[in-house]
Amino acid sequence: MSPAVLAQATSTVAVVVTFHPDAERLLEGLHAILPQVDAVVVVDNGSSAPILDAISELGRVTVLKLEANHGIGFAQNRGIDWARSRQADFVLLLDQDSVAADDMVARLRRAHDELAAGGVRIGPVGPAQVDGFNASLARFTCFRRARYSQVTVPPEKASMACDVLIASGSLIPITVLDAVGAMNEDLFIDKVDTEWCLRVGRAGYEIHGVPAARLYHRLGESALTVSWWRGKRLPVHKPFRYYYMVRNSILLQRMPRMRWGWRTADLSQMVQIILFHGLLAPASRQNRPMILRGLRDGISAVSGPISKA
């Protein structure tokens, strides 16, 4: 049976979260995903982009406009609620700058169905993220040797069990969302997908990456090659994002029942962010105040959006 036939067996709703989106990129993503799903709901986080009125005229696209920016988890949950109210079987989460390959959903559905038929208690499945900066492919994140490891899928495997998925591109059965619970809205942005995936694992579900499914998705504002770090390429974000990365890492470390493999890996990553982006990177002077605020607020258990003070 072809991937396309399998994908039509049950209904799938794409949930796209936007905040001041780039009109051209958003339209490209919507046109790519519309033929692959039964409906699309765009949840806008308080922006007033004129493109939102234009996309309301596209068939099978609904726009939910929030009055303010409530964060990624809040917006995803509103979209999931909308999909659930339409009796959707699957939700596909997408960011505003994500563009799916034309067979991405079919490949994800085929992988899900085959794993389920093989007796796997399958949770979300996700595509290989094709980063616009380095065109990295077919690697998925596992916690190994006290760090986040990007593991390449063996060529003989159609999918690979991993520990976390990036939210954008994740295909999630509604039954898993019902069992595991909603996205954590207190985190606002960053680590929302990590925290949810850790709950998925605790609930006894497997998470799988599907290398043949592709999502074109830019990680960060730009990329930086660090020659003295074995040529490592790092995504570069706006300074406020480092606040959330550091703060939310600490908030998750404070939570009970978190995997020790994740704790050690994330602690190592947080130290790298503090040392490199706070001290060594070209924009370290701009990043440092945000990182220090993230440390302070994480220790003080502050959640939600960053305060203006």
Formal net charge of residues neighbouring T264 (Cβ-Cβ distance under 14 Å; K, R +1; D, E -1): +3
Listed by chain and number, the lysines with an alpha carbon less than 24 angstrom from that of K232, same-chain partners under 8 positions apart left out, are K191
Order of 62-68, 186-192 by packing, highest average Cβ count within 10 Å first? 186-192, 62-68
Can you give me the angle between helix 23-33 and the longest principal axis of the chain, using Cα atoms only, in degrees from 0 to 90, rounded to the nearest 10? 40
Against the globular-protein guess of 2.2 N^0.38 Å, express the Cα radius of gyration of region 3-216 as a ratio, rounded to two decimals. 0.96
Order these peptides, 165-175, 85-95, by their mean beta-carbon neighbour count within 10 angstrom, highest first. 165-175, 85-95
Can you give me the long-range amide H partners of L64? Hydrogens built in the peptide plane at 1.01 Å from N, cutoff under 5 Å, separation of 5 or more residues or another chain. V42, V43, D44
How much length, in nm to one decimal, is gained on full extension between L34 and S268, taken as 0.36 nm per residue of separation minus their Cα-Cα distance? 80.3 nm
Determine the calculated [θ] at 222 nm for the chain from helices alone, applying -39500 (n - 2.57) to every DSSP H run no shorter than 4 residues and normalising by the residue count; nearest 500 deg cm²/dmol. -11000 deg cm²/dmol
Rounded to the nearest 0.05, FRET efficiency between A68 and F240 (Cβ-Cβ, R0 22 Å) equals 0.85
Hypothetical label at E206: residues of region 160-180 whose amide nitrogen lies under 16 Å (7 Å Cα-Cβ projection): 160-165, 173
So how tilted is helix 260-272 from the main axis of the chain? Cα-based, degrees 0 to 90, rounded to 10. 60
Could the peptides 110-116, 121-127, 70-76, 260-266 be put in order, highest first, of the mean number of other beta-carbon atoms found within 10 Å of their residues? 121-127, 70-76, 110-116, 260-266
Using the Cα centre of the chain as origin and beta-carbon charges of +1 (Lys, Arg) and -1 (Asp, Glu), tell me which of C197, I250, V40 is placed farthest towards the positive end of the dipole. I250
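Each reported figure results from applying straightforward, stated rules to the coordinates on display, with no laboratory input. Here the structure is a predicted model, which means the values were calculated and not measured. Note that we place each Cβ from the backbone using ideal geometry, even for glycine, and neighbour counts take in every protein chain shown.
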